[in-house]
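Taking it in order: structure first as C-alpha cells, then the write-up.
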Amino acid sequence: MYKKIMTISCFFIIIILGLFLRIYNIDKSPLWNDELMSNRFSAEHTSASMKIYKHDSTFEQFAYYAKNDPNPTFYYLLVYFYSFLFEGGKSLRFISVIFSMFSLVAFYLLARLFFNRRNSLYALLVMAISPFYLWYAQEARAYSTACFFAILVLYFFIKAIRENNIVFWFFFTLSAIFSLYTSYYTIILLIAMGIVVLLKEYRRYFKLWWISILTIVILSLPAIFFTRSCLHIVKNGFWLPIPSFRTVFTTFSVFNFGYSPYRWEYYCGTTIFIGLLIYGAYYCYRQNKNSIKVLPILFFTPFILVYALSYLIMPIYIDRQLIVFSPLYYLLITQGLSSIKRRSSRVILSVIVLLLIGLSTINYYRGFILWIPNGKDLYVGVHYKKDYEGLMEYVKDNLRSDDLIMVTDAQALAIAVDYFHSYFSNKKFVGIGQIFYPYALHGFDSICAKAGLCEWELIKESKELYVLWFKPEGVYSQKIMSGDLSSKRIWLIYSVWGRAGPLKYNYFKVRQRLLSEYKQDLSMGKDGIFVDLYNHE
C-alpha cells in the first residue's frame, strides 16, 4: 500500500512539473512562420480570408489552405474549433500543451507494459523535462498532437498482440486513423508493426492485423485528396538535404537535449545516450519475453525506412517529424539504464542523464541554440525564436491609409498577413503585396507564389517584376511596369531564416527597382526580420 501511494504521489509530482515547464514563458515569443501557417486555420482568419480569396464558404477556404499545406488536416480542424472559444494567435499553443500532457499520461501507461513502477516513473520524468518535448509543447504545430496519437497506437498494438482482445484491436485501429490524420509518418510506424506481426510468435494475429489495416486505409481515403499536393510541396518547395550518418547522430542528440545542448553535451552526452540505446536494444533481445523484443524493431525499422526513403527517393528526414518514434527511444534508454547490474553504476548514470537533460532544458528557456562554428545551421529547419513584434508595431503606429506593405519572401508574407489582416475590413491601408521577380524565387518562396498564380508555369523564368496582391477586393497578380506603384510610401518587409545570414536574391532585385523610383527613408531590423520605408515625397 505504501509503495502504491508513493507511486501515485511521484506520478502527480512529475505531471505537475511537466505542466509547469510547458506553460512557463509560453507567450514570450511571437508566432514564427509555421505557427503563422497554423493560425491561418483559426476561425477569425478563415472567415476574413474567405472574403479576400472570394470563396463561398469557410469550408472552401479551409480546403484551399489545406491543399497548399504539406501536413494532414486533423490538427487544423482542432485549431479551427478551438479558436471559436479561445481565439487564435498565441492561444493556439495551449492545444500543444494539452496534447503534450496527454502524451505524458499515455507514455506512462505504455512504459508500464514493459517496466516496473520505478523505471516507468523514471522514463516519465525524462520525457517530462525533455527540452525536445518542451519545444513542441510550446509551439502551435501538430507535433505534440501527433506524438500523443502515436503513443496510443503503440499502447493498443502491444496490448492487442499480448492479449488478443478485440477491444484493443478496435482502439488500435481508431487511434491509428487519428494518428494518420495528424502525421503521415504514422504509415512508417504501421509498417514496423507489420514486421512485428510477421514474427513467428505473433503470426496468429495476422488476420486481425490485416482487418485493422484495411479499415485504416478505407477510413483514411479522404486524406488522399490532399496527399498529391502535399508531396509536391515537399518535393519542390522544401529545403531538406539528403541525410548522412551525422544527421542520425544529431537526431539522437535532439531526442536527448532538444536544440539547446552545449557543444560538449552534443558530442559526449549523445555518445552516452547512444551507448544506453544500444545496450537497451541488446538486452531486449536477450530477454525471454517476446513482447519486449518488439521494442528495437518498432524503433529502428522506422528510422531505417525514413533514412532510406530520404537517401534514395525524396528527402523526408527531419527531426521534428520523427517525434512520433521518440517514445520508443526513451523506453530503450530506460531499458539500458535498468539493465545495468551494479546498482551504484546504475544510479550514477541515471543521475548523469537527468543532469545532462536538465542543463539543456535551462538553455532552452535562455533561448540558446547550438550552432556550427562555420555559421551553418546544425539543426535543419529549426527556427530561432524571434522578437519581431516591436517592428510590426512600429509599422502599425506609422501606417497611413495610402501606404502599401510589400514583402519579398514567404516568411515576411506570413508575418505581414497575420499582423495586418484585420486592417483589410477597416481599409486603413491599400493592401499587402508579395513583390518578386519569378526567376529570383526559390524553394518555398516560389511555392507560395505559385499557390496564388495560375500562370506560374508560364512566368517562372521571367525577369519581369510581379506582385501578388492581398487586398480587400481580393487576391490577384499584376505585372509591374514603370510607374505602376503609385503609392507615395511603401513599407518593405523581408527576412532571413536565422537571426542573421545572407539576404535573398529577390530582395536585392526588388530593392534595386524601388530605389529607381523611391527614396529610402528608413531601414531597421531585429532577429533576421527587416523593415524598409520607401518614400516618393
Within the stretch 465-476, can one find any residue that is hydrophobic (A, V, I, L, M, F, W, C), more than 19 Å from residue 409 (Cα to Cα) and either outside any helix (DSSP H, G or I) or modelled with pLDDT of 85 or more (or both)? no
Within the stretch 480-491, is even one residue under 17 Å from residue 506 (Cα atoms) and touching a helix residue (DSSP H, G or I) at 6+ places or on another chain (Cβ under 7 Å)? yes
Take the residues in the stretch 157-172 that are free of Cβ contacts under 8 Å to residues at least 60 places away in the same chain and charged (D, E, K, R), then tell me which one is nearest to residue 109 (Cα to Cα). 159
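Here's the yes/no breakdown for (1) aromatic (Phe, Trp, Tyr); (2) farther than 30 Å from residue 70 by Cα; (3) surrounded by 22 or more Cβ atoms within 10 Å (Cβ to Cβ); (4) touching a strand residue (DSSP E or B) at 6+ places or on another chain (Cβ under 6 Å):
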position: 112; (1), (2), (3), (4): no, yes, no, no
position: 148; (1), (2), (3), (4): yes, no, yes, no
position: 154; (1), (2), (3), (4): no, no, yes, no
position: 160; (1), (2), (3), (4): no, yes, yes, no
Being outside any helix (DSSP H, G or I) and in the same structural domain as residue 28 (by TED's automatic domain parsing) narrows it down to one of 179, 183, 175, 144, so name that one. 183
Every residue in the stretch 305-325 that is aliphatic (A, V, I, L, M), part of a helix (DSSP H, G or I) and within 20 Å of residue 146 (Cβ to Cβ), please. 305, 306, 309, 322, 323, 324
Answer residue from the stretch 258-288, given it is touching a residue at least 60 places away in the same chain (Cβ under 8 Å) and among the aliphatic types (A, V, I, L, M) and is farthest from residue 360 (Cα to Cα) among those: 276
Among 118, 93, which is in the same structural domain as residue 19 (by TED's automatic domain parsing), basic (Lys, Arg) and over 21 Å from residue 357 (Cβ atoms)? 93
Go through (1) at pLDDT below 80; (2) out of contact with any Phe, Trp or Tyr (no Cβ under 8 Å at 6 or more places or on another chain); (3) surrounded by fewer than 18 Cβ atoms within 10 Å (Cβ to Cβ) one by one and return the number of the condition residue 488 breaks. (1)
I'm checking my understanding of the structure. Among residues of the stretch 73-95 that are free of Cβ contacts under 8 Å to residues at least 60 places away in the same chain and polar (S, T, N, Q), which one is surrounded by the most Cβ atoms within 10 Å (Cβ to Cβ)? 83
Just to verify a result, which residue in the stretch 170-181, among those that are farther than 16 Å from residue 294 by Cβ and not small (Gly, Ala, Ser), is surrounded by the fewest Cβ atoms within 10 Å (Cβ to Cβ)? 170
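Listed here are the residues, each with its yes/no results for (1) touching a Phe, Trp or Tyr at 6+ places or on another chain (Cβ under 6 Å); (2) at pLDDT 95 or above; (3) basic (Lys, Arg).
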position	(1), (2), (3)
260	yes, no, no
263	no, no, yes
282	no, no, no
285	no, no, no
289	no, no, yes
292	yes, no, no
Report whether or not residue 121 is out of contact with any Gly (no Cβ under 8 Å at 6 or more places or on another chain) and either modelled with pLDDT of 95 or more or of a type in the set (S, T, N, Q) (or both). yes
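Evaluate the stretch 218-229: report whether one residue or more is within 28 Å of the chain's Cα centre (by Cα), of a type in the set (Ser, Thr, Tyr) and at pLDDT below 85.
Looking for residues that are within 28 Å of the chain's Cα centre (by Cα), of a type in the set (Ser, Thr, Tyr) and at pLDDT below 85, one finds at least one in the stretch 218-229, hence yes.
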How do the pairs read when you match residues in the stretch 203-225 that are more than 22 Å from residue 165 (Cα to Cα) with residues anywhere that are among the basic types (Lys, Arg) and in a helix (DSSP H, G or I), using Cβ under 9 Å and keeping only pairs 6 or more apart or on different chains? 225/67
Return the residues of the stretch 495-512 that are more than 14 Å from residue 531 (Cα to Cα), surrounded by fewer than 17 Cβ atoms within 10 Å (Cβ to Cβ) and at pLDDT 90 or above; say none if nothing qualifies. 505, 512
Would you please name the residue that is modelled with the highest pLDDT, looking only at residues in the stretch 30-87 that are in contact with a Lys or Arg (Cβ under 9 Å, 6 or more places away or on another chain) and of a type in the set (Gly, Ala, Ser)? 38
Only one of 38, 49 is assigned to a helix (DSSP H, G or I) and under 20 Å from the mean Cα position of the chain (by Cα); which? 38
Subset of the stretch 401-417, residues at pLDDT 85 or above and either β-branched (Val, Ile, Thr) or surrounded by fewer than 21 Cβ atoms within 10 Å (Cβ to Cβ) (or both), comes to 403, 405, 407, 408, 415, 417
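Let's see how each residue does on (1) surrounded by 14 or more Cβ atoms within 10 Å (Cβ to Cβ); (2) free of Cβ contacts under 8 Å to residues at least 40 places away in the same chain; (3) over 19 Å from the mean Cα position of the chain (by Cα); (4) not in a helix (DSSP H, G or I):
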position	(1), (2), (3), (4)
301	yes, no, yes, no
327	yes, no, no, no
347	no, yes, yes, no
351	no, yes, yes, no
364	yes, no, no, no
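The values are calculated or read from the model by the stated rules, or taken from the named source; none is laboratory data. Note that the coordinates shown come from a computational prediction; the quantities given were computed from them, not determined experimentally. Cβ coordinates were reconstructed from backbone atoms using ideal geometry, including for glycine residues, and neighbour counts include every protein chain displayed.
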